Amino acid sequence: MKRLTYIAVISVTLVFFMVNCDGSLVGSKNVTDPNNPSVQQVLQNATKPEVQNLVTGLELRNRQYAGGLIPLLGSFGREVWRFDSIDGRFVTEWLGIDGNAETDPAFFGSAAAYDTPYAAIQQANLLMQALNNTALLSEEEKNGVRGYAKTIQAYQFLIPLLTQYQNGIRVDVADPQNLGEFESYEDALSSIRGLLDEGYQDLQNAGESFFFNLSDGFADFNNPATMAQLNRAMAARAAVYAEDWQGALDALSNAEPFFELAEGEGVMNKGAYLSYGDPPDTFNPLYVPRNASADEIMVVHPSIIEDTLAGDLRVDRKFFLRDTPINNPNVPEEAKYQDNRFDGVGAPLSLIRNEELVLIYAEAQTNLEGATVANYTNAAEAINYVRNTWNLSDYGGALNEQALIDEILLQRRYSLWAEFGHRWIDMRRYDRLDEIDQNDKLTGTIFTQMARPQSEINFEDF
């Protein structure tokens with residue numbers, strides 16, 4: 001199998017956006033590897049192998065958020081508890097018992113929600129700068145690389161935006177010495193969607209094949225046409241966040257045949273994945289052997305198990321009943337179930353799957369302005385593809401907006417469990433954060449967003 005290896009990582013400056021009074025960066029990290037080309041070298045007529053190095057570097061950086069962000073946002077949305085026998089902050093602070101993500105700029109474990117995605121964003125900027133400064137690639141080849149880079153970059157921009165929410169984020173960060181202003185949630189989301197549209201256009205102006213290679217996680221998206229489908233899938237997700245329901249449906253239509261309205265586990269699991277492997281590659285950061293101790297283990301939140309529907313096959317696919325439950329004095333119940341999705345250290349993590357796209361389709365049909373019975377019927381049919389895949393009977397509720405949204409949120413809760421932080425984001429989108437596990441809320445806080453991080457201290461504050 002094709003794995004990512006570190007020999008392809010380019011030296012790159014990671015910018016953490018702390019600025020001195022003279023405008024220079026504070027706390028930036030220069031990661032130098034004498035065995036790989038320097039930044040200046042790849043910015044001067046980069047060869048195809050050097051561009052390949054940058055492409056692989058971007059894919060590596062694209063996956064680095066997962067080990068920290070998924071359990072963090074999973075805790076916010078009460079999908080999981082993260083237990084650690086040495087450091088209790090995974091429970092006390094992440095559940096809002098002794099900490100406050102909304103006001104603490106140095107909130108524990110927050111780098112994966114901000115610094116890590118911006119490192120990937122800067123890697124994409126470096127890649128695109130190298131493309132602009134080389135004559136050794138054709139325009140079609142450059143367009144293919146740009147389309148890939150902008151698609152991944154947009155995905156990474158969504159991470160800080162969704163966690164910062166109404167704080168807004170910087171989108172114009174191409175020049176670390178001259179950072180753009182903070183954009184509001186709405187404006188930043190519009191910018192991200194525009195970036196996806198640019199990437200889609202680049203991919204349409206590329207040739208029929210890429211000259212570069214990606215890992216097995218992108219096996220179904222290894223040419224411009226299929227990468228364009230992945231781009232439109234990302235665009236559909238972003239359109240939902242913008243409540244542009246027709247835009248989501250338009251994006252899905254251009255994501256076909258990746259987007260497919262059909263049932264079956266194979267159909268649902270079609271998608272792009274974060275690849276992992278044996279050394280020198282990196283292990284899947286969420287994989288823990290069955291019945292492991294409480295040392296850095298992500299367990300299933302009891303409310304997830306309590307609310308499952310009888311016969312739902314997702315319970316067996318995703319959750320494992322431990323031989324011995326785990327107890328923690330800061331939570332009200334023992335943890336009986338553990339993540340069961342991975343069969344080893346090299347198992348992939350989902351980036352985006354068709355199952356999410358089917359549910360996006362149902363949500364967009366339901367929320368369309370002037371939605372009719374036909375739209376509600378379309379939504380119910382899409383829901384049934386998901387339900388039937390997991391051994392559940394057809395949806396039997398009312399064909400109206402409220403009932404269908406309730407059902408869609410339920411299906412997203414189980415279909416997309418612990419993949420990105422969807423539960424927390426979804427409940428906030430529908431102003432339902434107060435409905436997240438009432439019992440557990442008595443021992444903590446359900447956050448709305450995270451504080452602007454310490455790394456964003458403005459130079460006027462010095």
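General observations
- Most to least accessible of GLU334, GLU141, GLU256 (protein chains only, probe 1.4 Å): GLU256, GLU334, GLU141
- Rounded percent of accessible protein surface that carbon and sulfur make up, the chain, 1.4 Å probe: 47
- Amide H contacts of GLU183 (H built 1.01 Å from N, in plane; Pro and chain starts excluded): ILE169, ARG170, VAL171 sit under 5 Å, all sequence-distant by 5 or more or on other chains.
- Judged by the mean number of other Cβ atoms found within 10 Å, the most tightly packed of the peptides 108-115, 387-394, 364-371 leads the ranking 108-115, 364-371, 387-394.
- Neighbours of PHE83 by Cβ distance under 9 Å: Lys/Arg scored +1, Asp/Glu scored -1, total -2.
- Alpha-carbon centroid distance for the pair the stretch 222-245 / the stretch 335-360, whole angstrom: 20
- One equal scatterer on each Cα of the chain, no solvent, Debye formula: the resulting log10 I(q)/I(0) at q = 0.08, 0.09, 0.13 Å⁻¹ is -0.46, -0.59, -1.29.
- Ordering 226-237, 298-309 by mean Cβ neighbour count within 10 Å, with the highest value first, yields 226-237, 298-309.
- Accessible surface computed residue by residue for the chain, with neighbouring protein chains in place and a 1.4 Å probe, gives 39 Å² per residue.
- Kirkwood Rh and Cα Rg combined as Rg over Rh, evaluated for the stretch 288-358: 0.99
- Members of LYS270/LYS336; LYS270/LYS318; LYS142/LYS270 lying beyond 24 Å, as alpha-carbon distances in this model show: LYS270/LYS336; LYS142/LYS270
- Helix-only CD estimate at 222 nm, as mean residue ellipticity for the chain, using -39500 (n - 2.57) per DSSP H run (n ≥ 4): -13000 deg cm²/dmol
- Using the empirical formula 2.2 N^0.38 Å as the baseline, the Cα radius of gyration of the stretch 252-331 reaches a ratio of 1.48.
The values are calculated or read from the model by the stated rules, or taken from the named source; none is laboratory data. Because the structure is a prediction, the values reported are computed rather than measured. Backbone-built Cβ (ideal geometry, glycine too); neighbour counts: all protein chains shown. Only protein heavy atoms, including side chains, enter the accessible area calculation; ligands, DNA and RNA are left aside. Shrake-Rupley method; radii C 1.70, N 1.55, O 1.52, S 1.80 Å.
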